[in-house]
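The structure under discussion appears below in the form of structure tokens.
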Amino acid sequence: MEVRGVWRMVTVLCFAASAVGVSCSKFDELVQPSWATDHIIYEGELLKLKLDNSSGAGFASKSKYLYGKVTAELKLVEGDSAGTVTAFYMSSDGASHNEFDFEFLGNKTGEPYLVQTNLFINGVGNREQRMDLWFDPTADFHAYSVLWNPRQVVFLVDDTPIRVFSNQEHRGIVFPRDQPMGVYSSIWNADDWATEGGRVKTDWSHAPFVATFRGLRIDGCEWVPTAAGPAEVQRCSASAWGKEGRYWWKEKEMEALSVHQSHQLIWARANHLVYDYCSDPGRFATEPPECGKK
């Protein structure tokens, strides 16, 4: 794999030795603090975001991308994390933005973390799903990924798909396809809603709350901001091979889940899904259109 500057479509940041055969860049070559620089800590191959009663913290990629796959190796806040939220997400700009969210909702000591995923399309969200996990996300690092191509958006945990948003434009359902997105992470206090609907508040005696990154990988078509927008959409939407190289995230086998991945998705949702907006008549008197028959 080529390093950034040879292929504009591929950007890789590696902290872990597990990324064998991958060219690596320093963290600050690819991302930058988006707020509270003094709450971002570098410890060798680790990056830590800290929350205390004065501030949280966040970072943002220096580039934006149209299609690709992003992965963070992340260890969540240990112990009593009630009231806190750690987020890893992609987002475009503006009121009519697109956004793909992982939000990790803290909990009382001994209670499971909940992972909330959400999608905003043209500024409209309200597509929350929540799952618990089949492991302790505070005990070790695990990989959280978003795959985005013209056919689907897939959320994955350790390469197990937990959610798929398929392109259903044939049914008149809008799909995110023309807004470049940055890669972001943040930690903040959300005790008005994050834990048991806001009933459990943040206990600041347990601060600082720290989320730790060991690796961040971005494979995507890097958007050139000085180029014409329509031309960039066309370039990044091209076939699986572009002028700069291989758009592997758009190849035929990436357009839908494999049989094995489909079985993984069924297992994950049958055993770990705790909330789905598609099954909440209290919020939606009529089932959201994307939830119906494909």
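Reported to the nearest whole Å, the Cα centre-to-centre distance from region 105-121 to region 39-87 is 15.
Extension gain for Phe135 to Trp204 (0.36 nm times residue separation, less C-alpha to C-alpha distance): 22.2 nm.
In a simple Cβ point-charge model (Lys, Arg +1; Asp, Glu -1; nothing else charged), the chain has a dipole of about 880 debye relative to its Cα centre.
Taking the protein heavy atoms of the chain in the context of the full set of protein chains, the accessible area attributed to carbon and sulfur is 51 percent at 1.4 Å. Quote the relative contact order of region 49-174 in percent (integer), defining contacts as alpha-carbon pairs under 8 Å separated by 6+ residues. It comes to 20 percent, rounded to a whole number. Extension gain for the segment Glu253 to Leu273, taken as residue separation times 0.36 nm less the Cα-Cα distance, is 4.6 nm to one decimal. Using the Cβ-Cβ distance between Ile173 and Val224 with R0 set to 25 Å, the FRET efficiency works out to roughly 0.25. Placing pseudo-labels 7 Å out from each Cα toward the beta carbon at Arg283 and Lys62 gives an inter-label distance of 3.8 nm. Contact order, relative form, for the chain: 26 percent (alpha carbon pairs under 8 Å, 6 or more residues apart, mean separation divided by residue count). For the chain, the solvent-accessible area of protein heavy atoms averages 45 Å² per residue (probe radius 1.4 Å; ligands and nucleic acids excluded).
When each of the peptides 82-91, 102-111, 133-142 is scored by the mean number of other C-beta atoms lying within 10 Å of its residues, the order from highest to lowest reads 82-91, 102-111, 133-142.
Ranked by the mean number of other Cβ atoms within 10 Å of their residues, highest first, the peptides 279-292, 191-204 fall in the order 191-204, 279-292. Rounded to whole numbers, the Karplus 3J(HN,Hα) couplings from phi for region 95-110 are 5, 9, 7, 9, 7, 10, 10, 9, 10, 9, 8, x, 8, 5, 3, x Hz, using 6.51 cos²θ - 1.76 cosθ + 1.60 with θ = phi - 60°, and x at Gly and Pro.
The values are calculated or read from the model by the stated rules, or taken from the named source; none is laboratory data. Please read all numbers here as calculations on a predicted model, not as lab measurements. We place every Cβ from the backbone using ideal geometry, glycine too, and count neighbours over all the protein chains shown. What goes into the accessible areas is simple: the full protein's heavy atoms, side chains included, and nothing from ligands, DNA or RNA. Shrake-Rupley method; radii C 1.70, N 1.55, O 1.52, S 1.80 Å.
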